[in-house]
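Step one of this worksheet: look at the structure below.
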Amino acid sequence: MEEILQKPMTRILLAEDDDSLRSFLTRALERAGYFVRACPDGDEAISALDEGPYDLLLTDIVMPGADGIEVAREAAARDPNTRIMFITGFAAVALAAGSRAPEGAKVLSKPVHLREIVAEVERMVAA
C-alpha cells in the first residue's frame, strides 16, 4: 500500500480585536485550507505563541493589551521564520510600524477585502 505524504497544514495566528472581522478572517482562511488560531487581543495572542510554531502571524496593530507590534516582536523572537503581516485602520500607525516591526513584515491598510488578505497570505506562505 502506498503511503500518502501529506504536507503539514499551514498554521496562522490571528490577533484582531474586532469580533466580526476576526470571525470573517478566520472563516475565509480556514476555507482556504489554513489552520487558524484566532485571538481577540494581543495578550491572548502572546499566550497562544506557546501553542506554536506558527507559519504566519496576522495581527491588527492597535488592540487592547499588547499591541500588534509587541506580538510580532515576541513571535519573531521565538521563531525568526514566522512571517508577519499587519492589518490596520490607522495609516499613521502603519507607517510608524515599519520602523518598529520585525524585518520583512507586511502592512495592509483597512478597509481590506477578504480576498486580498487571503491572496496576500498565500503569497507570504509560498515565499
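The values are calculated or read from the model by the stated rules, or taken from the named source; none is laboratory data. Computed from a predicted structure; not experimentally measured. Glycine also receives a Cβ, built like all others from the backbone with ideal geometry; neighbour counts cover every protein chain displayed.
Taking every residue in the range 103-127 that is more than 15 Å from residue 89 (Cα to Cα) and surrounded by 13 or more Cβ atoms within 10 Å (Cβ to Cβ) and pairing it with any residue that is modelled with pLDDT under 80 and not hydrophobic (A, V, I, L, M, F, W, C), at least 6 positions away or on another chain, the pairs with Cβ-Cβ distances below 9 Å are 105/98.
Out of 43, 18, one residue alone is at pLDDT 95 or above and surrounded by fewer than 17 Cβ atoms within 10 Å (Cβ to Cβ). It is 43.
Each residue in the range 70-95 was checked for being at pLDDT below 90 and of a type in the set (A, V, I, L, M), and 6 pass.
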